[in-house]
Amino acid sequence: MTKLSSFRKPLLAVLATLFAAVAILYSALWMYYIPWQPPVQLGFDNEHLKDEHCDLLTHINKGSPAEKAGLRAGDRILKVDGQRLENAYSLADIWAKHKPGDAVELTIQRPDVPAPFVIRAVFRAFRSSSTGGEVTQHLDQDIINTFPVAFLVVGLTVLFLRLEDPTAWLLALMFAGTIAVPDFPSGFQPLGPSLRRFAMADRAIFNSFNPALFYFFFAVFPARSPLDRRASWLKWVGLALGLSMAVPGWDVGAYQTPAVLGRVLGQHGAKLVRLSYGYGFITLGLLSLVGNALGASTPEARRKIRVILWGTLVGVVPIMLAFGAQDFFGFHMPLWLTAVLVVLLYLFPLSFAYAVVKHRVLEIPVLLRRSARYLLVQRGFTVVLSLLSVGATGVFALSFARYLEPLTGAAIPGGIALGAGFGTLLLWTGTRVHRRVGETIDRAFFRHAYDARVILEDLTERTRTATDRQELAALLEQHLNQALQPSSVAVYLETSDNQLSAARGNVPLELQTVSATQPMLVALARNGQPWEVSAEDVSSPLGPFPLAPLRPDCLVPMLGRDSRLVGLLVLGPRLSEEPYSREDKRLLASVASQAGGALESIRLGEKIAERIEAERRAAQEMEFARQVQARLFPQKLPPLQTLEYAGGCIQARQVGGDYYDFLELRPGRLAMVLADIAGKGVSGALLMANLQANLRSQYAMALEDLPRLLKSVNQLFYENTAESSYATLFIADYDDSSRRLRYVNCGHLPPLLLRADGRLERLAATTTVLGLFEKWECCVEEAQLDVADTLVLYTDGVTEAESAKGEEFGEFRLIETLRAQRHLPVASLLKTIVTTVQEFSGREQADDITLVVARGRP
């Protein structure tokens, strides 16, 4: 990040230089060629219609060859001497090939004539259409010709002195757009191909964006306007419209409506869109400026903006109205009126220059004074160092020449050679000294820039190791005192929700804790930038100013990631009695941003520690729950002579909702239970425990009346659980002496009964699920479990296990596995089925896998 920041200013300087070169070149071309006129004329004003490949006549000069030939305003020139008009400067190219007295044939399309017709006109030498004396005309023309100068000087001066200020860039771009508003002389015809393409592209781009840039600038300068606060998106819409009109205007040299829109709206509709965009956003910019002027909160702010307000209104509004009359009503401005309007337009950039110099807008005067002092001292030191080097070299050469003279005739050359060596040594030493002195000069004259780099680099490094709020507060206090030397510093940091506590500074007892919900602090957090406290703020209608006893001069909010006020810097007046400058506030905003991030990290660390502790406790409790639930499953198997059986549950989570049980109804009678609760995790485990408790508390009833047992369990489950809770259940009463299996299937997956001879039977559902309906009935079915017959009870965690391709394991694969592994003991068979399912799935288990396997013994 530091490396990127170090390239920021040089990169901006390069971009500003390129921008200045483009603006100056275009302005120079415009001013040089504006007096140029074609050698001949017909005496009309025209507008090129790109989509129709023709020129629209907008005005006919009285007494001109055009009027004598019968041309009218509103006519369209389709061809000249049979040649089609391909672009905006086609007419100028044709005119340049003729001399006075030449005749030309114009193919005309007139609105009230159905078919095009040809008019023959004769060229005359160029003659100005303006009235008045020759001296007056030249004076008017000179005034018009030089209008870009004021915009260039003010815009580029501000830009190069405030390279890192977005407002300075906006101002320079807006002024460049204003320079591009007037048409280029004679449709770019005097220029060569390369310069013509450059000038057309420059005018298309800056002319297209000018209305949007005008509004954008006054929407954010000197503060966000009321309109921008309500519709901040509007300035971006303006830029988007400017871009959409710049691209199609590239080869015309002016902004154009997109071709698609032109075809939909027609030529007049498209022109109305262009004019509405231009005049609409200029008007919005003026309204934003007026709104900012009326809403200025302090006399100083009103004083700074007053000059710009009147300069802009007097300079821009008259010429905008004149252009509007020309564009909407066909008004033709005489030369003298254009000159008067341009003189008024000078007030626009000059008002900025006056406000900058007189009222310190953008703080340019401070930079100018510091730059002058810096130049004098820095260059003065360089000059002194150079003079000392030359003098020392000369003295050294002449001194050693006396000693060399008796030895050789080359005393002077030898002395010069030694002097050159001494001078080289002196230059090397001087360079080292110059670097050190240069740093001292930088610190003295550009302390803010110098200290900002030091503070931010040091703060960035130290915040990485700051582990608590007190350490961070001490770091902030130390660095801010060193950089800005305020009379007092108080650092408030968040300690609990909406409470700020003084961590550093000499703070009265009653102000040790303040509420972040105070209206003034809420407004400060919403603004998000350093706030220079004024007398109006202390007596603000927002309510009493809570920090008034600290005599604050600047408040700096520290915001968290959610724009919450997590800290506050309260700075007293500076010991130098200077106000906090824009550079100071930028530095403070950067420091506050770093500190806010550090506070969020500290807060996040505390939350992580709390969460880790909570998760540790939760894991401990879940482990305890797992152990409790494991004890709910059968811990021993009642012995049977004619049946071997086993059960198992592999849970998807630490606790689950599947349930199996073996209940000894009496010696020789065993109830096998398998249930699947609608739900997983803790909720499923709780419902499972509820179901188990209901069954175990009443299972003796199953000997005589199994339906009655299940009806009672359904009633209890229905009454004690939520409406959406239910369970599927399979219960079987096995008689060891008769090998008879009496069972009820309550909506559960049909168990598989694989006979010894290979036949497969399914014990289908005999009733609906438990716990969903209050009125519930069931019937009992019977099956015989003979020697080597294998019964498998399972839950949907087996058949619905999915592979990586999304394919389910399914009943078919379960049957295949059962047939292939039926020779295994029941416990081994159960493990094999589980392993096969898990290998098929190959990923994290999504549901509990529960099985009961039983087989008839010989």
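Ranking request for peptides 167-174, 840-847: highest mean number of other beta-carbon atoms within 10 Å first, then the rest in descending order. Walk me through the numbers on the way to the answer.
Details: 167-174: 21.9, 840-847: 14.0.
Order by mean packing, descending: 167-174, 840-847.
In this view, the solvent-accessible surface of residue 839, computed with a 1.4 Å probe and all protein chains in place, comes to about 140 Å².
Amide H to amide H distances under 5 Å link residue 574 with 487, where only residues 5 or more positions off or on other chains count and H is placed in the peptide plane.
Over region 730-840, what relative contact order in percent results from Cα pairs under 8 Å that are six or more residues apart? Please report the intermediate quantities before stating the final value.
On the way: 153 pairs, mean separation 23.8, N = 111.
The normalised contact order for region 730-840 reaches 21 percent.
Other residues with beta-carbon under 12 Å from the beta-carbon of residue 603 carry, at +1 per Lys or Arg and -1 per Asp or Glu, a net charge of -3.
Take peptides 728-735, 510-517 and line them up by average Cβ neighbours within 10 Å, highest first, as a rough protection proxy.
Values: 728-735: 23.8, 510-517: 14.4.
With the highest mean Cβ count within 10 Å placed first, the list reads 728-735, 510-517.
Over region 783-829, what is the relative contact order in percent, taking alpha-carbon pairs closer than 8 angstrom and at least six residues apart?
Details: 20 pairs, mean separation 10.4, N = 47.
For region 783-829, the relative contact order is 22 percent.
Residue-wise HN-Hα couplings along region 824-840, as the Karplus relation 6.51 cos²θ - 1.76 cosθ + 1.60 with θ = phi - 60° gives them from phi, are 6, x, 4, 5, 5, 4, 4, 5, 5, 4, 4, 4, 4, 5, 5, 5, 5 Hz; Gly and Pro carry x. Peptide packing for 229-235, 522-528, 289-295 was compared via the average number of neighbouring C-beta atoms within 10 Å per residue; ordered from the highest value, the list is 289-295, 522-528, 229-235. Cross-linked pairs 636/831; 50/271; 235/585; 50/79; 50/235; 68/99: Cα-Cα separations exceed 23 Å for 235/585; 50/235. In order along region 800-805, the Karplus-derived 3J(HN,Hα) couplings, from 6.51 cos²θ - 1.76 cosθ + 1.60 at θ = phi - 60°, round to 9, 5, 9, 7, 5, 8 Hz, and Gly and Pro are given as x.
For region 778-795, putting each phi into the Karplus relation 6.51 cos²θ - 1.76 cosθ + 1.60 with θ = phi - 60° gives couplings of 8, 10, 9, 10, 10, 8, 9, 10, 7, 4, 6, 6, 10, 10, 10, 9, 8, 9 Hz, in residue order, rounded to whole numbers and with x for Gly and Pro. For region 634-675, what relative contact order do you get, as a whole percent, if you take Cα pairs closer than 8 Å and at least 6 residues apart? RCO, region 634-675: 35 percent. Applying both filters, DSSP loop and at most 10 other Cβ atoms within 10 Å, to the trypsin sites (Lys or Arg not before Pro) of region 657-740 eliminates every site. Only protein heavy atoms count here; on that basis, with a 1.4 Å probe, residue 471 has an accessible area of about 80 Å².
Amide H contacts under 5 Å for residue 346: none, restricted to partners 5 or more places along the chain or on a different chain, H placed in the peptide plane at 1.01 Å from N.
The values are calculated or read from the model by the stated rules, or taken from the named source; none is laboratory data. Since this is a predicted model, take the numbers as computed values, not measurements. In this analysis, Cβ positions are derived from the backbone assuming ideal geometry, glycine residues included, and neighbour counts consider all displayed protein chains. For accessibility, only protein heavy atoms count, side chains too; no ligands or nucleic acids. Shrake-Rupley method; radii C 1.70, N 1.55, O 1.52, S 1.80 Å.
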